[in-house]
Structure formats: C-alpha cells, structure tokens
Amino acid sequence: MTDFGPRRRRELERMEDAVLPPAGVRSSESSRRHTEVREPEESDVRTAFQRDRDRILHSRAFRRLKHKTQVYMPHTADHQRTRLTHTLEVAQIGRTMARSLGLNEDLVEAIALGHDLGHTPFGHTGEQSLRTILAGNETECPLPEEVVQSVGTFKHNYQSLRVVDWLEDRSQHPGLNLSDQVREGILKHTSWKARSEFPLPETTGLRLDRPCHLEGQVVALADEIAQQTHDLEDGLTTQVVSLDEIERLDAAVEVAAMAGPVYGAETSRRRRSKLLLRGLIRLLVTDAIETTAQRVQKICERRNIARRGDWLAISDSVSATTVRHSPRTAAMLAQLKAFIYRFIINDLENNRRDHRAHLIVTGLFRAYHRNPLTLPDDVLRRFQRETGLPFLRAISIHHIPDQVARTYHPEPRFARLIADHLAGMSDRYALAEYEALYHPGSVLRSSRAGRW
C-alpha cells in the first residue's frame, strides 16, 4: 500500500539525504544567527530552506519588487519585466538547473527569491547614484568628510543581505533570521569581497573568504541567463532592436540550427522571435547543466568523493565558478551581452530615463539630508532606536536646526539610514516623493481633485 504522508520535517530531511549527491547542501545542515523555538512535531512540515523561502515571499521587501525597474520602468508598459518578474524567472531557471544536477531545489529557490531584495528603484542607475553620494562624489548633496570616511559604499547584493538581516521586522530579532546558507547565496549571487566597505550587520556564517556552495553558484548563473534573455526580449518588444539583427548573433545561429526546418518555416515574426528566445534559454541552461555535471563528476572521481563528508572536506578548494558554461557557449553569451549593452541598455531613451532617475535619487537624498523632518516618522523612529538620540519631532522647533547640525549631519548612520530608505523605495513611491518635495503644485492639484 502506498504511503501518502503527511511527511514532516524529519522525514523530509531523510529523503533529502537519500537523494542528494555529495555536493548538495542538506537542510539538516542549516544554521541560523538566532535560535528559534521549534514547531510542534505534528505541524513541523517544512525544511529549513522551505521556511526561508516562505519568509522571503511574505516579506514587504519582496512585494515592493513589482514596482521596481529591471531595465524599463514598470509603469511605462504592461509586458516589460519588473524586478519581481525577473526574480521569478531566476527562481524558475535555478530550480530547473538544480533538479537536473541533483542539488537542493529549495535552497536554490530561497536564494533566487531573495537575491535582489536590496535593489534600488530605477535599476542599476539608482544603485550607482547611491554609491556616488556615499563616496562623497556628488556635488548636489556633499557629505561631511568624516561621514564619507566611515559610512561605506553601496552595492545591491550587500543591501539584499542587509534587508534580510536587519531591515525586515518580523519578530523580537531584526531581520528574517534566514539560514546562513541562504544568506551566503544571496550575498554571493554577484561579486563580493572578503573585506568590503559595506557595513554588514552580521558576517557570521557568510564564509566571506571562501567560494559559495553550488546552489548559490546555480543562482548566480541563472540570474545571468534570465537577465540577458529577457533584456533581449524587452528590446524586441520596444522595437529598439530588430529580429534580423539578433538572428546574426552566433547564439541565434546556433538556436536556428538546433531547431531545424521548424524555425526557418515560421512566417510569423512574433512567433519566430518566441522560438528564438525559448531556444536561447534552452541552449544556455542545458549547456550550463552539462558542463557543470561534467566538472563536478571529474572532481568527485579525482578526489575519491563518495559521501557528503568527503565533499565538505574539499569544498573550500572548489572553484567559485564550478557552475559555468562551456568555453564555446560562454563566448556566445559574451557576444550577446555586448549586443544588449550597445543597442538596448545604451539606447537613447534608456539613457534619458537613467538621467532622470539620477536626478530623482540625488534630489531625494539631498532633501532628506538637509531637512530630516521630510523623512517619514518610522524612519526617524528607527534612527532614534539605533542611536539613542531624541525623536526629532519631539524636540522644540527652535532647537531642531542645532540638533540636526550637531548630531545628524556628522553621524554616518544617518547617511546610511537615508540610503536604506531610498533603496527600499519602489519607482512609483520615489517618483511620488520627488513630486511632493520638488513640485508641490502637482500634489496640491491632485489633492483638490481627490476631494471632489
């Protein structure tokens, strides 16, 4: 007779251990910064990485991704990617790769869903604007030299970790209390340093001087695959590039050859472009799976690895890019990236949007820094909790300028507070804030219209 469950955590962990290869991370190995009270056995039906995935999905930061720019601003059209749809595509590609490689799918999914939580509004332009400001290189909102020396830089993967470790608020401890394995994967989905100028709240468990586990490497490559292929599709949708131009790329020629007569016989350009894009994803994903499987198999054979303990003994010496493409496919992807950057990312309208985004981020930082009373109450309350300084709105109005000059402007945590606030904004909220602070007439007009 078939056993139809229910399967609880302990049994799920045993099943994982039975099916995962030596290189796969087990949920039973997970560790956390803060000890948690276990659920009663009868209701404990999730592994550690399933819990992490669910905490990310239910977070406020995750919901805000739907109104954050990927390449094109979310409110300009219906079908272009947002930071949320990009995240979901990374999770889908990552799970496909993990399942085929026999790695831990739940760990991959949790990392993928959390990897971009720290992204600013307006995509990488917002990120670069905050980095420039914190480095003291923005003349529109200069920071005191003592602040620049200690405030640190801005980078979205570090900020993602700051979100899940500190800024999200769900229990008596700051953050989501994710497992160290998920935290490590979130940080290492793009470049990181063993010593960084970014002020991480907690580095325990991140193994900053070591390569990421294979599940984290899968997410890093899935991020790249998703980004390049959907940027290409968005460029086609907006007619910034043509199908004819794309079909001359080496990767497109390869896809057309693999598809055979079906591709050449398709007369609808829209359906033909869909065939091409699906083929590109298939090419990049399958090549990554096959190349990685061969590399890991060679490592296991050369080092006589048969059990999980054997892999753990050598894992720190494994390359940080064990999950990768073959040289031929990597060259095709590099050509594709160069094409996308030249004709889509560097397009006139994208550059004009980037210019406007820089003005908005810089303008908001300047307004908040010059007059902290323009910040929302919850942000000022957080500064009060972190520094022990009085809540600014509770101070006599005559003493506020002196308090700001003496304790806010020289305090690096105040500059970081503004960066956190700006990084958490959606595009829509940032635009509304900029309008409210710099074009009050439009706000007054909309308020009058609302009353009627």
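Read the figures in this text as sums done on the coordinates, not as results from a lab. Keep in mind that what you see is a predicted model, and the values were worked out from it rather than measured. Ideal geometry is used to build each Cβ from the backbone, glycine not excepted, and the neighbour counts take in all protein chains shown.
Projecting the Cα atoms of 334, 421, 107 onto the charge dipole of the chain, computed from C-beta unit charges around the Cα centre, puts 421 farthest toward the positive end. Peptides 401-412, 272-283, ordered by how many other C-beta atoms sit within 10 Å of their residues on average, highest first, read 272-283, 401-412.
The magnitude of the dipole of segment 349-451, with charges of +1 and -1 set on the Cβ of Lys/Arg and Asp/Glu and taken from the Cα centre, is near 220 debye. Each label point was placed 7 Å from the Cα along the Cα-to-Cβ direction; for residue 294 and residue 381 their separation is 5.8 nm. Classify segment 25-183 as rounded, prolate or oblate, taking a ≥ b ≥ c as the square roots of the eigenvalues of its Cα gyration tensor: rounded when a/c is under 1.5, otherwise prolate if a/b is larger than b/c and oblate if not. It comes out oblate by the Cα gyration axes. Please work out the FRET efficiency for the pair residue 266 and residue 66, using the Cβ-Cβ distance as r and a Förster radius of 41 Å; give the result to the nearest 0.05. Working from the Cβ atoms, E equals 0.80.
Within straight-line reach of residue 68, meaning a Cα separation under 24 Å, sit the following lysines at least 8 residues removed in sequence or on another chain: 155, 188, 337.
Name the residue farthest towards the positive end of the dipole of the chain from the options 434, 297, 365, assuming +1 on Cβ of Lys and Arg, -1 on Cβ of Asp and Glu, about the Cα centre. It is 434. Summary of packing: across the peptides 306-315, 52-61, the per-residue average of other C-beta atoms within 10 Å ranks them, highest first, as 52-61, 306-315.
Based on the Kirkwood approach, the hydrodynamic radius assigned to the chain is 24.1 Å, with every pair of different Cα atoms included. Distance between the modelled labels on residue 347 and residue 99, one decimal in nanometres: 3.3 nm (7 Å Cα→Cβ projection). Exposure proxy for 100, 319, 179: other Cβ atoms within 10 Å of each Cβ, ordered fewest to most, give 319, 100, 179.
At full extension, residue 337 and residue 258 could sit 26.3 nm farther apart than now, given 0.36 nm per residue minus the alpha carbon distance. Averaging the Cα positions of each part gives two centres, and for segment 286-313 and segment 114-128 these lie 34 Å apart. Translational diffusion of segment 215-346, estimated by Stokes-Einstein from the Kirkwood radius over alpha carbon pairs at 10 °C in a medium of 1.306 mPa s, is 97 µm² per second. Taking amide H as placed 1.01 Å from N in the peptide plane, the amide H of residue 115 sits under 5 Å from none that are at least 5 places away or on another chain.
Peptide packing: for 12-21, 425-434, 187-196, the average count of neighbouring Cβ atoms within 10 Å per residue gives the ranking 425-434, 187-196, 12-21, highest mean first.
Rounded to the nearest 20, the Cβ-based charge dipole of the chain about its Cα centre (Lys and Arg +1, Asp and Glu -1) stands at 400 debye.
The GluC sites (Glu not before Pro) of segment 153-232 meeting both criteria, a DSSP state outside H, G, I, E and B (loop) and at most 16 other C-beta atoms within 10 angstrom of the site's C-beta, are 197, 202. Kirkwood hydrodynamic radius of segment 349-451, from the reciprocal of the average inverse Cα-Cα distance over all distinct pairs: 15.1 Å.
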